[in-house]
Amino acid sequence: MSSDANTAVLRNCIRLPLAEDELLEVTAKAKDYAIMHGAAMRSKTAFSPDSLNFAPFVLVPSSFPRKEFEKAVALQPIINRLMHNVAHDEEFITTTLAETIKVDEFTANLFNIYRKVLAHGFTQAYSIGLLRSDYMAHVSEGCAIKQVEINTVASSFAGIATQLVPQQKFVLSELGHADKLHNMPDNNALAGLRDGMVKAWDIYAKPQAVILFIIEDVSYNICDQRFHEFYIRETYPHIKVLRRTLTEVHREGKLGQSKELLLGSQEVAVIYFRAGYEPGHYHSQADWDARYLMETSLAIKCPSIHYHLAGTKKVQQALAQPAVLERFINDPEEIKAVGKIFTGLYSLDDNEAGNASYEMALRTPERFVLKPQREGGGNNVYGVDIPNALERMSRVERSAWILMDLIHPPLTKGYMVRPGGDMPPQIVDMVSELGIFGVVIGDAEHIVHNYQAGHMLRTKLSTANEGGVAAGLGALDSPYLIDSDDEDEQK
Ligand code: ADP
Ligand code: MG
């Protein structure tokens, strides 16, 4: 990789550009491959429940430093344990979110459910976390990975990302580079997450009970969800999967004698939330009541309310403060390793430290990203836009947000292919974000399952602040692992 901090470019997996006729042919094949293998989504602009578009993808896998990929994989069980311990630390969650919930209504609503559940005692001691820890390589630290965020709710793309590896291997082979396939790590994300849900179902131990997916009114990312559903059903035909919106759960759901969640006559063993992580998912108090009903039930939740709160940006910011990790991790080596993946994260609470971060953001906004307590993309404020945003907030309103150092990932060059895009696609400068999946199951005292479960890579135009795949700036990808001493990769 080049040494200049602002222009570091990772070596490509193969030499580009491709000749135009070859590019046209292989891109057309890759599009069909994607649709035929379910690397696809519903169109937002021309929605039809009867059709799919391929999900935006990068034609040839983007390079990622092997050492850093392996580091992220090795860290995942430690991160799983960390998040499990955080989720079960009532005092930490309560004090960390105390200021935030005064001004952030959505987090306050979640916290109120948490408080009510705590007051009555947890009906179900077990939780399942299907986590995704997201990273970018940071150029000015030799491309060391830095955590962008940790997701504890609706961690998506395990299903589709699993399909991307064979797709990009197919493309490389078509282009005559089958010798390079060994640098694309296998991806077991789909099986890993599916097995996690089934392990939770086993713990519930009722053969007739079902797995319930909580879904949005319209699921654009339908294939990713259906992969989980169909794969559960194919591998474990005795386990039924239901899909319901929050509103439907409110209408159909009730608690049985032992607080089991019943939808009609069907008992629910495991609830997998693919919705419920943003305000727009709750149309009325009825939807909040449905969330509470589920939280207070015997079903094993993914995530339970405490896991959901542990995944907030505010908690992430608190974890990155010196000495906080010691509360949750015993091994000094592990503390050091996790500490290194954090970049600067700063509170904006109305106190001395928060006000100092506020001043720092006004002085050098280009160094930062400003984040609210939201998931799902499109909510952050970047660089020069930060002073304006901050100045419009009152001192207390600021505590709904956190400030974070911008990570500067190295560039890669490649072809981004999206429905309705140019044919042939143009070569563009891109940056990638690696997600590592993890599964953790346990109660307050014990962890019974803890493993790393595959990965995903999302790549966006280098000029874009965010790379939401559905939003249109990002594309699905998978890592092509390179070593810093490789010199001959572009043959
Ligand atoms: P969300 O919950 O909306 O996914 P993220 O924290 O993941 O929130 O931010 C969304 C996107 O913004 C990320 O996928 C990444 O592209 C970009 N981003 C977030 N934090 C940083 C950062 N510290 N440096 C550079 N880019 C960032
Ligand atoms: Mg994110």
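The shape of segment 197-317 comes out rounded: with a ≥ b ≥ c from the C-alpha gyration tensor, a/c is under 1.5. In the chain, the DSSP beta bridges split such that about 75 percent are antiparallel, to the nearest 5.
Counting alpha carbon pairs within less than 8 Å and at least 6 residues apart, what relative contact order, in whole percent, applies to the chain?
Reported relative contact order: 27 percent.
Between residue 179 and residue 32, the FRET efficiency from the beta-carbon distance, with R0 = 22 Å, is close to 0.35. Oblate is the label for segment 43-124, because a/c, from the alpha-carbon gyration tensor with a ≥ b ≥ c as root eigenvalues, is 1.5 or above and a/b does not exceed b/c. In this structure the amide hydrogen of residue 60, modeled in the peptide plane, comes within under 5 Å of the amide hydrogens of 415, none closer than 5 places in sequence on its chain. Once a ≥ b ≥ c are taken as the square roots of the eigenvalues of the Cα gyration tensor of the chain, is the result rounded (a/c under 1.5), prolate (a/b larger than b/c) or oblate (a/b not larger than b/c)? Oblate is the answer for the chain, as a/c is 1.5 or above yet b/c matches or exceeds a/b. Sort out for me the Cα centre separation of segment 291-326 from segment 142-205, rounded to whole Å. Cα centroid of segment 291-326 versus Cα centroid of segment 142-205: 24 Å apart.
Between 197, 212, 94, the Cα set farthest toward the positive side of the dipole of the chain (charges on each charged residue's Cβ, about the Cα centre) is that of 212. Out of every Cα-Cα pair that segment 372-491 contains, those further apart than 26 angstrom amount to 44 percent. Available extension along the chain between residue 44 and residue 257 is 72.4 nm, counting 0.36 nm per residue and deducting the alpha carbon span. Among the trypsin sites (Lys or Arg not before Pro) in segment 16-125, those placed in a DSSP loop whose Cβ has at most 15 other Cβ atoms within 10 Å are 44.
Mean residue ellipticity, 222 nm, helices only, the chain: the sum of -39500 (n - 2.57) across DSSP H runs of n ≥ 4, divided by residue count and rounded to 500, is -11000 deg cm²/dmol. Note on residue 217 and residue 67: the extension gain reaches 49.9 nm, defined as 0.36 nm multiplied by sequence separation minus the Cα-Cα distance. Here the calculated FRET efficiency for residue 446 and residue 20, from their Cβ-Cβ distance with R0 = 51 Å, stands at 0.30, rounded to the nearest 0.05. Among the listed pairs 206/254; 199/313; 44/301; 102/340; 254/313, those whose Cα-Cα separation exceeds 21 Å are 199/313; 44/301; 102/340; 254/313. Each part reduced to its alpha carbon centroid, segment 420-457 and segment 18-84 end up 10 Å apart.
Solvent-accessible area of the chain (1.4 angstrom probe, protein heavy atoms only): carbon and sulfur portion equals 50 percent.
In a fully extended conformation the segment linking residue 340 and residue 364 would gain 6.3 nm over its present Cα-Cα distance, using 0.36 nm per residue.
Placing unit charges on each Cβ (+1 for Lys and Arg, -1 for Asp and Glu) gives the chain a dipole about its Cα centre, and among 262, 421, 242 the Cα reaching farthest toward its positive end belongs to 262.
Based on every Cα atom in segment 118-272, Rg and the maximum pairwise Cα distance Dmax equal 19.4, 63 Å.
The values are calculated or read from the model by the stated rules, or taken from the named source; none is laboratory data. On a predicted model such as this, the values are computed, not experimentally measured, just so you know. Positions of Cβ are backbone-derived with ideal geometry, glycine not excepted, and every protein chain shown enters the neighbour counts. Just so you know, the surface numbers come from the protein's heavy atoms only, side chains and all, with ligands and any DNA or RNA stripped out. Shrake-Rupley method; radii C 1.70, N 1.55, O 1.52, S 1.80 Å.
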